[in-house]
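Asker: Sharing a structure with you now.
The values are calculated or read from the model by the stated rules, or taken from the named source; none is laboratory data. Keep in mind that what you see is a predicted model, and the values were worked out from it rather than measured. Glycine gets a Cβ as well: all are built from the backbone with ideal geometry, and neighbour counts include every protein chain shown.
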Amino acid sequence: MLCRAVFYLPSPHPLPRYRATHEPPEQPGGEGWLVSAEQQKVVQFKPDASTAHAQWVVVRTYSWIPPSPPVPQTRRRMLRHNAIEAWNTMLKTGWRRCPPPVR
């Protein structure tokens, strides 16, 4: 029996500040953000144009020291299954879901 991973990312709609301890609701096929206060970074996962042979996700990394706006660092295009693996690994190593930062 084959299992297919489903990639759910948080909704792009930011939550009010007073609810910051709750994780944003998940939405299939949406944009997602992870934050690491320890590394002072925020990462955006966003679906990119698919081809006939593959589904792609753009992963952008920003340096971020609130309340300043995020500063772009890197941009990478990954296959969807690799992005899912990176997302799950980051969650396991201390990254947290977050709404998009205010720019």
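Asker: If THR93 satisfies every condition in (1) exposed (fewer than 13 other Cβ atoms within 10 Å of the Cβ); (2) at pLDDT below 95 but one, which is the exception?
Answerer: THR93 satisfies all of (1) exposed (fewer than 13 other Cβ atoms within 10 Å of the Cβ); (2) at pLDDT below 95 except (2).
Asker: For segment 42-95, how many residues are touching a helix residue (DSSP H, G or I) at 6+ places or on another chain (Cβ under 6 Å) and not in a strand (DSSP E or B)?
Answerer: 1
Asker: Out of GLN73, GLN44, GLN27, GLN55, which single residue is modelled with pLDDT of 95 or more, polar (S, T, N, Q) and surrounded by 14 or more Cβ atoms within 10 Å (Cβ to Cβ)?
Answerer: Residue meeting the stated conditions: GLN44.
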